[in-house]
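The block underneath contains the structure these notes are about, expressed in structure tokens.
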Amino acid sequence: MKIKKYFRGSGRVLAFVFVASILWLLFDMAALRLSISDVNSQLLKELVVKERELAKKLVTKGPKLADIDFKHPLEKVRVGFGDGKKPGERLEKKVVEVYRKKWEFNGKVEHEKDVQTQAVAKLQLKEESQMKEAIHLNGLKKENVLNNTNIRNKSIQKKQATETLRLSHTKTTPSVVQEQKLPQQLPQEPKKKQVQALPGIKMLSNATKDTSKAFKAQVQDNKSPANAGLPKKSNNTTLKALQKNKPAKQDAHQTATPTQHHPAKVIQRDETEKKVIDDEDHHQKNDSSVQILAVTSKGNKKSSQKLAHSAFKNPAKLQAPQEEPEKLLNISGVRRSGGVHKVMALDVTHKPRDVHAVGQFGHAAVVPLEKQEESKKRWSEGYFNVFLSEQIPVDRAIPDTRPPACSENLVHDDLPTTSVIFCFVDEVWSTLLRSVHSVLNRSPPHLLKEILLVDDFSTKDYLKEKLDVYMSQFPKVRIIRLKERQGLIRARLAGAAEAKGDVLTFLDSHVECNVGWLEPLLERVYQDRRKVACPVIEVISDKDMSYVLVDNFQRGIFKWPLVFGWSTLPEDYIKKNNMKDSDPIRCPVMAGGLFSIDKKYFYELGSYDPGLDVWGGENMEISFKIWMCGGEIEIIPCSRVGHIFRGENPYRFPKDRQKTVERNLARVAEVWLDEYKEVFYGYGYLHLLDKNVIDVGNLTEQIQLRKKLQCKSFKWYLDNVYPELEAPLVKAEGLVFNVGTRKCLALEKGSLIFETCDLSKQSQHFNYSWVKTLRQNTSCVSPQSTRTGVAMEPCDNTKAHQRWLHKANKILPEHLIGEVSFRGVSQRLCLEAGPKANSVFLKACESSNSFQKWQFTHYYAQ
Ligand code: UDP
Ligand code: MN
């Protein structure tokens, strides 16, 4: 009864609330337990959800074209695909896919306190073992060798294609370049001798006769330009033939071998290998690491497997090879062995110390509410979220964004070494460190000769002693201090002059090199020293520091007036050429900051033009120089490096920023563009022609260099490397028809007259040039200081009075508007045909006066 009382009236309500809260509590606890026991799946979920949010943000907040940062490849993903899908949708899917694939945990997570010391300790431990892994770890896979050979020998037929051009809006460009769809041709690969894939040849020495024949046929196939570049059925047959000749065990092992960077799968590999190797141990009990070294070069995989196995089991127990890697080098710096191995997926961060760290796994970081003010304030320290960057571990993990085929690719054991050169001026501490750590953590130590930090006379205190002290723990890092501000170009030259590696690898000082980034670059240089290899530049968000992959098949291009941008290869081109997402992409212009180049070749090319100041235009200069003087630029999709694209330069320009960049571009145009320099000037840079406005400096050495190297013409470059670019040499040409007189202008014995229009008469042919002159050969129609008179003068692009406006004015579109300086006053007047069609004069402009209206036979540009 007493109990019943409690269930009456308000008592009943209270009891109900009480029971409900208990139930709620129980549920909560269950949920908590669930989440504790399943940290990893939860984490994974979070990653995916966050990425979705990020992707959604990208969709909704897609930038206007004018907002696009300079050289920002991601924007291309966001602002335009020709596939009808919303760009964001596509992006979202991909990012999520990458995280799904790459960041499944095996449940074991390390928790350490001191981020930096830990990284160092790990690194030092790993340096030794990785070096050995580097040589032994990777199995051989013949089909990859052949695939590589195919790629290398790709020779692309000229093809009509459309390509969606996406241009970033340069910080300095006078005109915004609009998105266009152009009928285009894609480059024809110069038919040059390629290094045939050595790995294949090497393997053939061990292969059967049949295999050898098949391989020869393959090589032969690849030599034929008509077939090159397109993997053919016969190749597949060859592959199969080769595969047949592989030892069965090897096959089993290969298929069971997952990529090394995957923690979960590493265990799997360990077990798989154990089986295979234990089996082999019966036959090869006496294997030693020394033997392994020797046989690896002969392509014997059994031994390398053994080492791989023990390396996975216990890296610290690895025996040092009897010869140090340096001693394996011969005098010319080339390794003696000629074997190959699978691209290494070395990544000291593959099991991050703190999975919950801000920005871990390349994730978007969030500024807490109470820190937003601080974060805003600090933005200008680097023109990105400096506050967040500081929270993120200097050795954070990032997703392996390489196309899947990349981890299976083979590279040579005797790749050249590289000096990684970071130039910086007032770089933010955390990003500089992250850049350096990413190289140390994800590069095979035996290939990393050194890291050179070139301090371009930074003003920040933390970049002085503090940096020296920090870097002193890494024997491979050297700091070069410039005594005065030199600018990026001369700073790179200072770094190159100090470099001891065979290859120079330039990187910006706010990057994160991804897994397996280095070997694919060096491999291309190894195959042909005239190849200049660029990684795919991915985006580290300036706002939330997330690592965002960019779309495949992007290449660097330029639009007038030398504005760098990215464009996606058209889908039909990709299909026709059977291009895989891991194939190198010929690149008309490099972005500039990130590339590997053979050191000797860099100097043979005359390095950079040292007359270029501070920043800007150097990527154009080196790109034209490379292509026109016998080299090639490629984007290597298997090499990926994240970069923070910033809206503004966080450093000061000693002179005016705009003027500095313009001057650099003018130097490039004068040296490399031949007659096309007029196109450059015509797109908003006419003022640069006035020698009183800028002094481009002495160009003699650069011009001489071009002659000495016997570089090809810019026309050759356009025809062969970048035929998609619209580059008509004049804006308009042909007969100059006067609407009022219905006659054409003609040049007769140095004087201008009118004649009945006749296309066959050369005397009636004129050009309306990019620099706005109205010319026949080298004579230009010029207003005279008599105010109304017009006469022919020798053309001189620097003379402003020779310029005519045509199709430039909405009210007077067909008029030819000249500028006359009379008694110190300049005046705009219009070219008018005399009523009797006997001569031309300058008169006050009248929009409806048909004698002031002129039409050219052909117009090529407005
Ligand atoms: N840099 C330099 N000196 C300069 C300008 C730039 O050493 O006078 C460095 C800069 O710190 C960076 C690299 O050159 O590491 C490229 O510059 P930035 O990142 O500003 O170029 P962007 O990526 O915007 O093209
Ligand atoms: Mn940069």
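Before moving on, here are some points about what is shown:
- Between ARG828 and ASP581, the distance separating the two model label sites (each 7 Å from Cα on the Cα→Cβ line) works out to 5.2 nm.
- Residue among VAL477, VAL503, LEU463 farthest towards the positive dipole end of the range 394-514, charges placed on Cβ: LEU463
- Potential lengthening between LEU759 and SER850 on full extension [0.36 nm per residue; Cα-Cα distance subtracted]: 30.6 nm
- Where a label projected 7 Å from the Cα of GLN704 along Cα→Cβ would reach, residues of the range 611-625 with amide N under 15 Å: 611
- Using R0 = 35 Å, the C-beta based FRET efficiency linking GLN862 and GLN658 works out to 0.90.
- Kirkwood hydrodynamic radius of the range 567-658, Cα pairs, Å: 15.7
- Under the criterion of Cα pairs below 8 Å and six or more residues apart, the relative contact order for the range 668-758 equals 23 percent.
- With R₀ set to 30 Å, the beta-carbon distance separating LYS376 from HIS356 gives a calculated FRET efficiency near 0.75.
- Legend: Rg and Dmax of the range 707-827, from Cα coordinates, 17.1, 53 Å.
- In terms of other Cβ atoms within 10 Å, PHE422, PHE564, PHE457 run from fewest to most in the order PHE457, PHE564, PHE422.
- Spin-label pair ARG742/ILE480, simplified geometry with 7 Å Cα→Cβ offset, distance in nm: 7.2
- For the range 704-832, the residue among ALA727, SER826, VAL781 whose Cα projects farthest onto the positive side of the dipole built from Cβ charges is SER826.
- In the structure shown, the pairs LYS575/LYS731; LYS625/LYS659; LYS500/LYS531; LYS543/LYS677 are assessed against 29 Å; a Cα-Cα span above that value is assigned to LYS575/LYS731; LYS543/LYS677.
- With neighbour counts taken as other beta-carbon atoms within 10 Å, the residues SER582, SER375 rank, fewest first, as SER375, SER582.
- Proxy reagent accessibility, fewest Cβ within 10 Å first, across HIS350, HIS858: HIS858, HIS350
None of the figures in this text is laboratory data; all of them are computed from the coordinates on show. These numbers were taken from a predicted model, which means no experiment stands behind them. Cβ: placed from backbone, ideal geometry, glycine included. Neighbour counts: every protein chain shown.
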